[in-house]
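Read-outs throughout are calculated quantities, based only on the coordinates presented, and are distinct from any laboratory measurement. These numbers come from a predicted model, not from an experiment. Using ideal geometry, Cβ is built from the backbone for each residue, glycine included, and neighbour counts are taken over all protein chains shown.
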Amino acid sequence: ARQPVARGGMWNTQQPQYSKETQDLLKVMMQESKLTNFQQRQLKQTMKDGASLPVACPPTSSQRPQRPAAPVTPSKKVNPRTYSGGRRSKEACESSPAAQPEDYRPRPKKAICTDKEKARLGNLMAYGEEPPEVSPARIVELLSPEPRVEVDRFQELQAEIEERAEFLEEMEGLGRGKDYRTIIRTEISQKIREMEVIDRKRTEQLKKQIELQQQQADQRRHLAEQKETAGTSEL
């Protein structure tokens, strides 16, 4: 069956009622716990009103604690007869250290790290000393290209032919001569033809040089004969 709803609806809050046995038990407990009279009166009033019992009873008296009084700071009163901190003269203000201008201090410049400075710092960190100064003559010497050594092409070809012949002989000994025989012989033939071209050019140059020397010798002999003929005619 449905229970009847109390008067006032669902929002009606009924205060709890304590039985006589509960009240007697609480009185005995209050006496044994040695509560003060003020605390006992508070609990009795709570049971009489039907309110919930408190968890703790911190107050021990009905007197409210007083706040500590704030310390009174004495007011600064200035006696105009004895006060000497009035206006200062212009000379006193100018002679004061606070009025003196500060010494000029230039602002630090931002360091510009160039490639030369980077190299100097790198050498200093690596070897612990400043890099040695390089003279202009040494710089020119380092930057000047190395002299090119002329290589005799005829001798170079001869060395290449000997190298290939040794390689082919080694492959023949290992049983792999047929893999390289055609290639090596072709390269050797090409280099021999190049050597023949160089030899013909050198032979022509040598022939021209011999002819030039012969012409110069004939000219010197002809001049000598002319001088001898001229001396005989004078006699």
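Which loop-located trypsin sites (Lys or Arg not before Pro) does segment 121-192 contain, where loop means any DSSP state but H, G, I, E or B and the Cβ has at most 14 other Cβ atoms within 10 Å?
In loop regions of segment 121-192 (DSSP not H, G, I, E or B), the sparsely surrounded trypsin sites (Lys or Arg not before Pro) are R148, R176.
Once a ≥ b ≥ c are taken as the square roots of the eigenvalues of the Cα gyration tensor of segment 129-235, is the result rounded (a/c under 1.5), prolate (a/b larger than b/c) or oblate (a/b not larger than b/c)?
Here segment 129-235 falls in the oblate category.
Would you kindly state how much longer the chain becomes between E133 and E170 on full extension, computed as 0.36 nm times their sequence separation minus their alpha carbon distance, in nm to one decimal?
Length gained, E133 through E170: 7.8 nm.
Calculated FRET efficiency, S189 and D218, Cβ-Cβ r, R0 25 Å, to nearest 0.05?
Calculated transfer efficiency: 0.05.
If I model a spin label as a point 7 Å beyond the Cα along the Cα-Cβ vector, how far apart are those points for K34 and E160 in nm?
12.2 nm
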